[in-house]
Number of protein chains: 2
Amino acid sequence: MVGTLDDVAAASGVSRSTVSRVINGGSVSEATRHRVLAAMGETGYSPNLAARTLASGRSGVVGVVIHVPPDLLFQDVFFSGLFHGIAEALAQRGAGMMLWLANLSKEQTLERILGMRLFDGLIVTADMLDDPLVDGLVHSSLPTVLVGHRHRDRSASYVDIDNERAAEQITDHLISLGRRRVGHITGRRGGVSAEERLTGYRRAMKRAGLATDGLVADGDYLARSGEAGAETLLAAGVDAIFCASDTMAFGALRTLERHGAAVPDDIAVAGFDDLPQAAETVPPLTTMRQDTGRLGIEAAHALFRLLNDKEAAPQRVILPTELVIRQSTVGALGSR
Amino acid sequence: MVGTLDDVAAASGVSRSTVSRVINGGSVSEATRHRVLAAMGETGYSPNLAARTLASGRSGVVGVVIHVPPDLLFQDVFFSGLFHGIAEALAQRGAGMMLWLANLSKEQTLERILGMRLFDGLIVTADMLDDPLVDGLVHSSLPTVLVGHRHRDRSASYVDIDNERAAEQITDHLISLGRRRVGHITGRRGGVSAEERLTGYRRAMKRAGLATDGLVADGDYLARSGEAGAETLLAAGVDAIFCASDTMAFGALRTLERHGAAVPDDIAVAGFDDLPQAAETVPPLTTMRQDTGRLGIEAAHALFRLLNDKEAAPQRVILPTELVIRQSTVGALGSR
DNA sequence: TTGTACGCGTTATCAT
DNA sequence: ATGATAACGCGTACAA
């Protein structure tokens, strides 16, 4: 038995409401506050979340929805970094975290989450172009922050990076080095980030007057698709490859090495993410740095802003990315 | 507005209690049940978790406590597999999952979890010899299932493998191949699994009349410590190395290759876990298979048994492990 | 500053 | 089989 508000009230000789006030910060005289606090210490009282939620409508719990196959959460650094950031930020603010992965269908997940009516707010990954789960959540009455966003989410709250611009920038870098047949290995097609990076790549190529026919290979962000993509692009006779993820770039490097193609002399290679390993490859990988942990933290903070101010406008946060130039594109020139 | 029990009652012309009965399976006539169900469909009603929890004392939510640094959750396959299994099993049973990692101190975590009084039960990893968090949770009034267990947890509910016996078995295998100076690279010292595997290794060696002085190198389950440990053991002149994890074995193999030591001719190598990559190393790795996903599933099932039967005895589940013999210990002999 | 009284949405007990 | 009605533990107008 942990006791209730009434127990504390009885123990300290005041009414229940007074105890409630010292907990929630109402105006209480210093003397009684002291007595109540003492009583709370003895009984080891702590408020019942269910009762408090029922009475106040706030639970202090936020739902985190990452509807991807659970193993992807661990394989794909984007998700693990993101998750890490969210967990940390929520814990710091004393919020509970309820997690939903892709163990159920999107429809089931949606129903359960909205049905519970327990959460103060939601953090949801939104990378699929067509996603009934995200649609349902965004249009629910719950304060929701998306990680990533589709065009239709323009009026929602979200945190994201500018994928298109980042891809354009890294492609520009390749072109500025004199590369003309720049290939691209995409991320998971149908995903917003993949499509936008592809768009950015295409735009840079077009602006430089370069064709992209046959220079795009579909990937899925994972290493094996990088190997396969490089194989394809090698046959297409590229002189540079921009991979939509570092992980794919690692795979591409392996393929190129197996084929005896020199990097960057024959073919320049660039990735996206700046994973820790990107600095350790041979040659070290040029890439676009993004901080996925920060993305998670910002998502949590945006949500808190929404929760603390009912009138708050939708929160939209675009985090910066940074081109990190290493030897996989500039050879030894760039260093020492 | 999602509506309340009263709304449904009004819409279907029955009392609130009757609606509650059709939801929770009381005895209701087929006719009224039908009307109520229809009304629920229209209003899109779904019960309020907080209210239900307050009234019944059951929330349908279980707390999952994996108090390790969040990045370890992703690096260490033991945890990711475990987590995966737990998430899947809970989702299947329609239970919500609230997750606690090491974002707060153990004391803070303990306080928050017990303070909430929202969970029906708890699943907690227990690998540290001295862990106030686990102690507090086990001694709380909440039904709790441990993953792993210390000696002092003998009377609690847990799922685990027999680490000591498994280590003994794999060491026996090495000895049976004629190896005499079998070294061991341990897991995280202070962890139950690491200590027990060490004990099992020592026991097998002792029984065979072999000394272990200078043949034990401390590791931490991760690859780098495997490299370092192999370095040490190489200098100690071993003819076999049993690593407490596959990940460390991968590191050890790299070190041995760098030193030009032939595996298994000069030095036999064995791991623990049977990760997917264990079959892909050169040579393929002999190892002890354990199914960490299954461990998570069993933990969830054990908890459900506890929840469904208040009188249930403590659940104790020891999952089997399996010695998988590959070329890293038997060379080409074992195959084709 | 403090206390009273009601409501939050359910479940559960007791009549009927 | 069904319907009142009392908890469940807390927040909060409102009154004092």
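Summarise the partner chain shielding of B:87-95 as one whole number: the mean count of Cβ atoms from other chains within 10 Å of each residue's Cβ.
Per-residue shielding by partner chains comes out at 3.
So if I average 1/r over every pair of distinct C-alpha atoms in the range A:119-158 and take the inverse, what Kirkwood radius in Å does that give?
9.9 Å
Translational diffusion coefficient of the range A:22-76 at 37 °C, 0.692 mPa s, Stokes-Einstein with Kirkwood Rh over Cα pairs, in µm²/s as a whole number.
In µm²/s, the coefficient rounds to 219.
Using only the alpha carbon atoms of chain B, find the Kirkwood hydrodynamic radius as the inverse mean reciprocal pair distance, in angstroms to one decimal.
Result for chain B, one decimal place: 22.4 Å.
Please report, in debye to the nearest 20, how large the charge dipole of chain B is about its Cα centre when each Lys and Arg carries +1 at its beta carbon and each Asp and Glu carries -1 there.
My answer is approximately 700 debye.
About the Cα centre, and with charges only on the beta carbon of Lys, Arg (+1) and Asp, Glu (-1), how big is the dipole of the range B:1-144? Nearest 20 debye, please. Before the final figure, lay out the partial values.
Numbers: 10 positive and 14 negative charges, 168 e Å.
The calculation lands at about 800 debye.
log₁₀ I(q)/I(0) of the range B:296-336 at q = 0.20, 0.29, 0.34 Å⁻¹, via Debye over equal Cα point scatterers, no solvent, to two decimals?
For the requested q values the scattering log ratios are -0.67, -0.97, -1.12.
Would you report the distance distribution of C-alpha pairs in the range A:14-141 as whole percents per 5 angstrom bin, up to the bin with the largest distance?
Histogramming the range A:14-141 at 5 Å steps yields 2, 9, 16, 16, 15, 12, 8, 7, 7, 5, 2, 0 percent.
Specify which residue in the list B:251, B:10, A:50 is farthest towards the positive end of the charge dipole of the protein assembly as shown, using unit charges on the beta carbon of Lys, Arg (+1) and Asp, Glu (-1), about the Cα centre.
Farthest towards the positive pole: B:10.
If each Cα of the protein assembly as shown is one equal point scatterer, what is log10 of I(q)/I(0) from the Debye formula at q = 0.05, 0.06, 0.10, 0.12 Å⁻¹?
-0.30, -0.43, -1.08, -1.32
Around residue B:135, with a cut-off of 13 angstrom between Cβ atoms, what is the net charge of the other residues, counting Lys and Arg +1 and Asp and Glu -1?
Numbers: positive: B:106, B:150, B:152; negative: B:107, B:130, B:131, B:153.
Summing Lys/Arg as +1 and Asp/Glu as -1 gives -1.
Can you compute the helix-only [θ] at 222 nm over chain A? Use -39500 (n - 2.57) per DSSP H run of at least 4 residues, normalise by all residues, nearest 500 deg cm²/dmol. Spell out each step's value before the answer.
On the way: 14 runs with 156 residues, N = 336.
Calculated mean residue ellipticity at 222 nm is -14000 deg cm²/dmol.
Dividing the convex hull volume of the Cα atoms of the range B:75-140 by its residue count, what figure in Å³ per residue is obtained? Intermediate results must be reported in sequence, preceding the final value.
Working: hull volume 6.5 nm³, N = 66.
Measuring per residue, one finds 99 Å³ for the Cα hull of the range B:75-140.
I want the local charge near residue A:253. Using Cβ-Cβ distances under 14 Å, sum +1 for each Lys or Arg and -1 for each Asp or Glu among the other residues.
-3
Please report the net charge: other residues with Cβ closer than 11 Å to the Cβ of residue A:172, K and R +1, D and E -1.
Numbers: positive: A:165, A:179, A:203, A:207; negative: A:168.
Result for the neighbourhood of residue A:172: +3.
In whole Å, what are the Cα extents of the range A:142-199 along the three principal axes, biggest one first?
Result, largest extent first: 50, 19, 13 Å.
Give a residue-ordered list of calculated ³J(HN,Hα) values for the range A:175-190 (Karplus: 6.51 cos²θ - 1.76 cosθ + 1.60, θ = phi - 60°; whole Hz; x for Gly, Pro).
Values per residue, Gly and Pro as x: 5, 5, 8, x, 6, 10, 9, 8, x, 9, 9, 7, x, 4, 4, x Hz.
Between the range B:284-336 and the range A:33-57, how many Å separate their Cα centres?
First find each Cα centre; the distance between them is then 43 Å.
Can you tell me, using C-alpha contacts under 8 Å and at least 6 residues apart, the relative contact order of the range B:1-89 as a whole percent?
On the way: 53 pairs, mean separation 21.6, N = 89.
Relative contact order for the range B:1-89 comes out at 24 percent.
Would you pull out the residues with amide H under 5 Å of residue B:102's amide H, same chain only if 5 or more places away, H placed 1.01 Å from N?
Close amide H contacts, sequence-distant or interchain: B:68.
Over chain A, what relative contact order in percent results from Cα pairs under 8 Å that are six or more residues apart?
RCO, chain A: 16 percent.
May I ask you to report, in nm to one decimal and beginning with the shortest, the distances from residue A:129 to the same position in the other copies, taking label points 7 Å along Cα-to-Cβ?
Here the equivalent label points are 5.8 nm apart from this one.
Report the Rg/Rh value for the range A:186-234, based on alpha-carbon coordinates and the Kirkwood definition of Rh. Kindly include the intermediate steps, with their values, before the conclusion.
Working: Rg = 11.2 Å, Rh = 11.3 Å.
Here the Rg-to-Rh quotient is 0.99.
In the range A:166-198, whose amide N lies under 16 Å from the spot 7 Å out along Cα-to-Cβ of residue A:318? List them in ranges.
A:166-170, A:193, A:196-198
So for the range B:137-243, what are the equivalent ellipsoid semi-axes in whole Å, largest first, each being the square root of 5 times an eigenvalue of the Cα gyration tensor?
30, 16, 9
I'm a student and want to see the number: the projected area of the Cα convex hull of the range B:178-336, averaged over all directions, in nm².
Computed as one quarter of the Cα hull surface, the answer is 10.8 nm².
Using the Karplus curve 6.51 cos²θ - 1.76 cosθ + 1.60 with θ = phi - 60°, work out ³J(HN,Hα) for each residue of the range B:251-256 in order, rounded to whole Hz, and write x for Gly and Pro.
Whole-Hz 3J(HN,Hα) from phi for the range B:251-256: x, 4, 4, 4, 4, 4.
Alpha carbons only, please: Rg and Dmax for the range A:82-205, in angstrom.
17.7, 57
List the residues, sorted by chain then number, that are 5 or more residues from residue B:288 or on another chain and whose placed amide H is less than 5 Å from its amide H.
When sequence neighbours closer than 5 places are left aside, the close amide H contacts are B:271, B:272, B:273, B:274, B:324.
Name the residues whose placed amide hydrogens come within less than 5 Å of the amide hydrogen of residue B:268, ignoring near sequence neighbours (fewer than 5 apart) on the same chain.
Counting only residues 5 or more places away or on other chains, the set is B:240, B:241.
Quick note: the coordinates plus some simple rules give every number you see, no bench work behind them. Treat the numbers as computed from the prediction; the structure is a model and nothing was measured. With ideal geometry, Cβ positions are generated from the backbone for all residues, glycine too; neighbour counts draw on all protein chains shown.
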